[in-house]
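Beneath this line is the structure, given in structure tokens, with notes to follow.
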Amino acid sequence: MKTIEEIRGEIEQFKIDNNEALENFRLQFLSKKSDLQTLLSEIKNIPAEERKSFGQKVNVLKQQAQSFFDEQKKRLEDSVSYSRGTIDVTCPATAMEIGARHPISIVMDEVCTIFEKIGFTAVTGPDIEDDWHIFTALNFPEEHPARDMQDTFFIDQNPDIALRTHTSTLQVRTMERHQPPIRVICPGRVFRNEAITSRAHCIFHQLEGLYIDQNVSFADMKQTLMFFAKKMFGENTRIRLRPSYFPFTETSAEMDVSCNICGGKGCALCKHTGWVEILGCGMVDPNVLENCGIDSNKYTGFAFGLGIERMTMLKYKTNDIRLYFENDVRFIQQFASSAL
Ligand code: PHE
């Protein structure tokens with residue numbers, strides 16, 4: 001005869017995943033001929049002093065077996081009613097579309113991370129700005145063509161308010177609030193009233209950098225930007241600074257990186273020059289420092305403004321800027337795997 005413990009062990013091991021197993025369980029543990037029933041009928045033959053505790057144990061086990069049976073029976077019935085009822089559990093599920101990070105966000109984060117490693121702190125500011133922060137504080141003369149309606153989206157009701165045309169507004173906002181040393185990067189969206197083509201869009205993204213302290217030189221700027229270019233595009237990347245003009249920097253330059261699509265040999269993206277322009281930069285004009293309350297005799301600094309779309313096109317080898325704004329998931333999802 002099996003002991004109580006043996007039967008308990010068997011019950012615990014028993015797997016019920018269909019009606020046949022349920023019936024086997026019933027026959028084995030709950031029917032008239034089951035081992036448990038044999039034990040129950042044995043109670044009367046047990047010596048009187050042990051009878052009570054033996055009887056209790058057998059009865060507890062029987063109750064456990066019964067409630068386990070009831071539970072499993074209900075579970076099987078429920079699953080049947082699901083598949084036969086209003087919900088067809090055998091139906092293929094609608095795929096849950098998981099969104100992907102936008103390539104512009106991926107690259108923006110990557111750029112921020114590189115500059116954060118060398119001590120720059122990210123700050124942001126408003127997309128809608130006033131004339132002072134977009135132009136006047138940045139030393140734009142009254143008649144500068146960038147103030148023209150062609151380039152800037154002004155607000156009809158108030159000609160003093162416009163969508164920012166560059167993130168250089170954040171240079172002003174930062175210097176107005178903080179004295180040097182200043183080392184910030186400013187990621188943001190900018191707007192220009194331009195015709196949309198494969199190379200230009202009326203909305204795009206920039207990352208501004210600003211470094212102000214005592215004795216900051218053009219060489220510091222060059223080293224910082226070279227460090228960035230190598231981290232971003234690989235150690236073999238070369239940079240080239242060309243003289244340029246911005247009202248808010250003196251000296252001003254534009255920086256090209258060697259084209260990583262053709263490796264410098266010449267292709268459509270680099271217009272067969274082997275170089276791609278990715279940023280404007282320069283030493284902050286003393287007038288700008290003074291406009292923002294910083295002593296230009298004591299401090300110098302540099303600023304740069306990077307075009308994120310151009311860098312993203314370079315990195316992912318895409319040739320049409322409009323793709324970044326159409327929000328076609330088939331396009332956007334291709335970059336998901338390269339997100340950190
Ligand atoms: N704001 C300039 C642009 O939008 C870029 C720039 C930033 C140039 C900082 C010099 C210094 O083209």
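So the values come out like this:
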quantity: Scan of the stretch 228-251 for residues that are within 13 Å of the ligand (Cβ to nearest atom), open to solvent by 70 Å² or more (accessible area, probe 1.4 Å) and touching a residue at least 40 places away in the same chain (Cβ under 8 Å), ordered by number; calculated: none
quantity: Output for the stretch 266-300, where each listed residue is under 17 Å from Met255 (Cβ atoms) and modelled with pLDDT of 95 or more; calculated: Leu279, Gly280, Cys281, Gly282, Met283, Val284
quantity: Options Arg173, Arg183, Arg177; residue that is surrounded by 15 or more Cβ atoms within 10 Å (Cβ to Cβ), over 17 Å from Val216 (Cβ atoms), among the charged types (D, E, K, R) and modelled with pLDDT of 95 or more; calculated: Arg173
quantity: Positions within the stretch 275-333 being charged (D, E, K, R) and open to solvent by less than 10 Å² (accessible area, probe 1.4 Å), in sequence order; calculated: Glu309
quantity: Verdict on Asn260 being in contact with a helix residue (DSSP H, G or I) (Cβ under 8 Å, 6 or more places away or on another chain), over 21 Å from Thr165 (Cβ atoms) and open to solvent by 10 Å² or more (accessible area, probe 1.4 Å); calculated: yes
quantity: Enumeration of residues in the stretch 203-227 that are within 14 Å of the ligand (Cβ to nearest atom) and within 26 Å of the chain's Cα centre (by Cα); calculated: Ile203, Phe204, His205, Gln206, Leu207, Glu208, Gly209, Leu210, Thr224, Leu225
quantity: Filtered residues of the stretch 151-170 (kept if touching a helix residue (DSSP H, G or I) at 6+ places or on another chain (Cβ under 7 Å), under 23 Å from Ile308 (Cα atoms) and either in a helix (DSSP H, G or I) or more than 13 Å from the ligand (Cβ to nearest atom) (or both)); calculated: Ala162, Thr169
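The values are calculated or read from the model by the stated rules, or taken from the named source; none is laboratory data. Small disclaimer: the values here were computed from a predicted structure and weren't measured. Note that we place each Cβ from the backbone using ideal geometry, even for glycine, and neighbour counts take in every protein chain shown. Keep in mind that these areas ignore ligands, DNA and RNA; they rest on the heavy atoms of the full protein, side chains included. Shrake-Rupley method; radii C 1.70, N 1.55, O 1.52, S 1.80 Å.
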